[in-house]
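Data first, discussion second: the structure below is written as structure tokens.
The values are calculated or read from the model by the stated rules, or taken from the named source; none is laboratory data. Not measured: the values here are computed from a predicted model. Every residue, glycine among them, receives a Cβ derived from its backbone with ideal geometry; neighbour counts consider all protein chains shown.
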Amino acid sequence: PVGDDFEGSVNIDANNDTTYNNRIRYQPGTPGAEAVELTVVTDPTDPSNKVLKYNDTGNYWSQMRVQYENKLDLKTLNKFTVRAYVPSVLMDGTSSGSTDYPSLSFRLQNRDLSAPYNSDKRIHKELVADQWNSIEFDFKREFGDELTNSIEYDQIVIQFNMEGNSEKVVGYLDDFTVSEGSTPLPSAPSDQAPNPGYSNTEVLPIWTGLYQNGYAFDVFTKGTPSTNGNIFNASWSGISLDKYSGINEELMKFTNLSYVGNEFASPFIDISTYDFIHMDIWAKEDGFIQFFLLDEIQPESKKIIEVNGQQWNTIKLKICDFDTVEKELLKTTIQKFKWNSDALGTPSVFYVSNLLFYKDSSVSCTPPSDIEPDSNSTDPTLDSNTVKSIFGDTYTSLDWTGPFNSASWNDGVLVAPFELENGNSVIKLKNLNYGGIYLEATSTDSGTAQDFTAMTHMIMDVWSKNGEEFDFFFFDGGSEQKSIITPSESSNWNRIIIPLSDFHLLPEQRELNLTSVSGFKFDPAGNNIEMMYIDNWFFSNASSLTINDLKSFSFIIYPNPVISHFNIDSGLNINEVIIYSVIGSKIDTRKVINNKVDVSDLKSGMYFIKHDKAFSKFIKK
């Protein structure tokens with residue numbers, strides 16, 4: 001059997017118990033950043049039924065693994081069906097990219113590999129909260145013969161609400177079955193890409209059979225230079241990139257894209273006299289692709305390409321749109337192309353033809369601009385003997401003149417330093433999904449450890465367009481330690497003061513190693529940080545500091561159990577709360593009057609009360 005209804009004997013602790021029950025065992029992620037809590041419990045909606053409970057407590061790569069004693073025979077058993085249930089009251093956040101929460105992901109893998117994720121075949125599905133969903137993961141339809149003829153898979157990674165976030169979620173699974181999937185989608189084009197129709201004098205060809213000297217590569221082995229020194233598939237690429245013989249043309253074939261690079265030999269590519277980049281893309285499924293034109297300066301310049309599946313898509317990108325407020329693309333020295341997958345979902349296979357630059361004198365470009373603070377933050381006045389400064393002019397700060405301040409893995413813009421139009425130097429975050437900075441780094445992603453021993457608080461001045469809440473992490477040589485920061489949505493700067501004691505509360509119970517801090521990470525709790533600036537960022541042990549409450553909002557209710565009314569003690573002015581049933585169904589929104597909530601009409605039982613992202617339980621007598 002390859003399914004389960006969780007009514008019989010189930011091994012849900014494969015980290016400590018290697019035995020199989022009916023040739024199946026369950027692993028609650030690797031302890032640490034992948035860990036979840038797995039338990040077989042009574043169905044919260046049906047006391048006669050047993051289900052598997054998945055409790056993600058906020059670990060960044062949370063997952064569970066269904067592991068099989070033998071390799072899966074996927075010839076006829078290739079569609080996995082499961083029932084899934086997520087109570088909205090037990091879920092943080094709203095989305096990851098374009099995937100709305102709640103969601104469920106199935107990822108087939110070969111666990112014999114040292115890095116099983118390199119064999120990933122993944123499908124994401126969105127769920128409806130507060131009800132059981134019957135979800136099909138049809139791997140035959142999505143991946144066809146490549147998958148059904150394979151005998152390498154023996155593991156399914158299952159994730160509620162994606163990965164790469166620190167948001168909590170509780171989900172339930174039941175009635176896991178397997179059957180044969182539907183007819184596979186075609187995985188390659190059956191016709192030739194359209195002719196761009198430009199004259200030879202208008203184009204700079206990179207990969208096309210329609211123009212003279214149309215192919216910039218003649219060697220296709222990963223990391224190996226072509227005759228002209230260009231490299232078709234860079235050594236640092238995350239997947240293989242192949243040459244594919246299409247219909248009367250050679251195509252670039254991308255499979256299960258993570259990131260891939262094309263590199264150009266010195267003196268690189270000069271596109272300064274061209275106006276557009278053209279490419280024709282055929283994709284197996286609908287999706288999004290990130291495309292970068294890379295010079296020698298951070299941040300990287302990219303555009304997101306949307307394609308429709310099962311057809312050729314003609315893409316024309318204005319070169320001037322690769323310019324940003326943070327930097328203008330050095331168009332005389334394009335060193336690399338980079339292709340990345342996108343959080344909105346990337347086709348499993350796509351092909352590129354007619355990749356070229358062309359001229360169009362009618363092009364119109366609008367200079368980029370961003371909203372900026374209309375004033376500088378107020379200088380702090382603490383005694384310099386109580387301060388160790390990271391960034392800012394008031395105190396002697398760390399050195400930010402090097403080229404490696406921003407992490408190479410950033411998703412979005414994080415520039416340190418950035419000069420505002422008024423001349424003030426700040427740190428800029430823009431459309432940031434997650435990002436890190438390294439302190440006095442002398443190479444990529446390798447900061448110089450700083451000693452902040454004896455400091456008690458972190459202070460930063462923040463200007464935020466929308467006031468997006470974000471998790472803030474220390475890199476101190478151990479597991480990531482975070483606190484939650486919620487700046488005001490304001491046209492003014494606001495000063496945030498955080499006790500360093502906050503940072504040993506989540507996600508691990510350990511103290512910060514303040515003797516060895518090499519960098520920091522910003523991870524928005526919900527939507528991306530659209531626009532934010534930071535100045536006057538430092539540590540202090542001054543005794544006069546006023547502490548902001550920057551942890552997730554919390555409250556106390558009493559009496560509990562309650563007969564008719566309960567009081568809310570939060571320290572804040574709360575106008576209303578939401579009440580949920582014990583299975584997570586919303587019952588009502590109640591007004592808070594003089595810190596009291598009337599629940600006299602509720603039946604006896606247990607309930608949840610929620611405000612913002614915090615919730616608590618109460619019992620109604």
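Has the stretch 66-82 got any residue that is more than 22 Å from the chain's Cα centre (by Cα), in a strand (DSSP E or B), farther than 29 Å from D342 by Cβ and of a type in the set (F, W, Y)? There is at least one residue in the stretch 66-82 that is more than 22 Å from the chain's Cα centre (by Cα), in a strand (DSSP E or B), farther than 29 Å from D342 by Cβ and of a type in the set (F, W, Y).
If you check E180, E146 for being at pLDDT 90 or above, touching a Ser or Thr at 6+ places or on another chain (Cβ under 8 Å), acidic (D, E) and surrounded by fewer than 17 Cβ atoms within 10 Å (Cβ to Cβ), only one passes: E180.
Restricting attention to the stretch 238-278, the residues being assigned to a strand (DSSP E or B) and over 17 Å from Y211 (Cα atoms) number 14. Only one of the numbered conditions (1) free of Cβ contacts under 8 Å to residues at least 12 places away in the same chain; (2) not in a strand (DSSP E or B) is violated by S48, and that is (2).
Can we say V36 is out of contact with any helix residue (DSSP H, G or I) (no Cβ under 7 Å at 6 or more places or on another chain), in the same structural domain as K121 (by TED's automatic domain parsing) and more than 30 Å from I289 (Cα to Cα)? So V36 passes the test.
Restrict the check to the stretch 353-362 and report whether at least one residue is touching a residue at least 24 places away in the same chain (Cβ under 8 Å), surrounded by 15 or more Cβ atoms within 10 Å (Cβ to Cβ) and under 30 Å from K140 (Cβ atoms). Checked against the condition, which is being touching a residue at least 24 places away in the same chain (Cβ under 8 Å), surrounded by 15 or more Cβ atoms within 10 Å (Cβ to Cβ) and under 30 Å from K140 (Cβ atoms), the stretch 353-362 yields at least one hit. Of all the criteria given as (1) exposed (fewer than 15 other Cβ atoms within 10 Å of the Cβ); (2) of a type in the set (G, A, S); (3) under 31 Å from the mean Cα position of the chain (by Cα), the one not satisfied by G229 is (3). Regarding L317, is this residue surrounded by 21 or more Cβ atoms within 10 Å (Cβ to Cβ) and of a type in the set (A, V, I, L, M)? So L317 fails the test.
Quick one: count up the residues across the stretch 269-290 that are more than 21 Å from E202 (Cβ to Cβ) and of a type in the set (F, W, Y). The total comes to 2. The number of residues in the stretch 5-36 being surrounded by 14 or more Cβ atoms within 10 Å (Cβ to Cβ), of a type outside the set (G, A, S) and on the phi > 0 side of the Ramachandran plot comes to 2. Taken over the stretch 83-95, the criterion of being surrounded by fewer than 23 Cβ atoms within 10 Å (Cβ to Cβ) and either in a strand (DSSP E or B) or in contact with a helix residue (DSSP H, G or I) (Cβ under 8 Å, 6 or more places away or on another chain) (or both) is satisfied by R83, M91, S95.
The set of residues in the stretch 589-616 being surrounded by 12 or more Cβ atoms within 10 Å (Cβ to Cβ), modelled with pLDDT under 85 and either assigned by TED's automatic domain parsing to the domain that holds D130 or part of a strand (DSSP E or B) (or both) consists of Y607, F608, I609, K610, H611, A614, F615, S616. Per this entry, S62 is not counted among residues that are within 22 Å of the chain's Cα centre (by Cα), surrounded by 15 or more Cβ atoms within 10 Å (Cβ to Cβ) and without any contact (Cβ under 8 Å) to a residue 40 or more places away in the chain. Note on the stretch 333-374: residues that are closer than 30 Å to E202 by Cα, in contact with a strand residue (DSSP E or B) (Cβ under 9 Å, 6 or more places away or on another chain) and either outside any strand (DSSP E or B) or hydrophobic (A, V, I, L, M, F, W, C) (or both) total 15.
Within the stretch 382-422, track down each residue that is polar (S, T, N, Q), in a loop (DSSP other than H, G, I, E, B) and either surrounded by fewer than 20 Cβ atoms within 10 Å (Cβ to Cβ) or in contact with a helix residue (DSSP H, G or I) (Cβ under 6 Å, 6 or more places away or on another chain) (or both). Across the stretch 382-422, the qualifying residues are T394, T396, S397, T401, S408, N422. Under the condition of being more than 14 Å from D5 (Cβ to Cβ) and outside any loop (DSSP other than H, G, I, E, B), the residues counted in the stretch 22-40 number 5.
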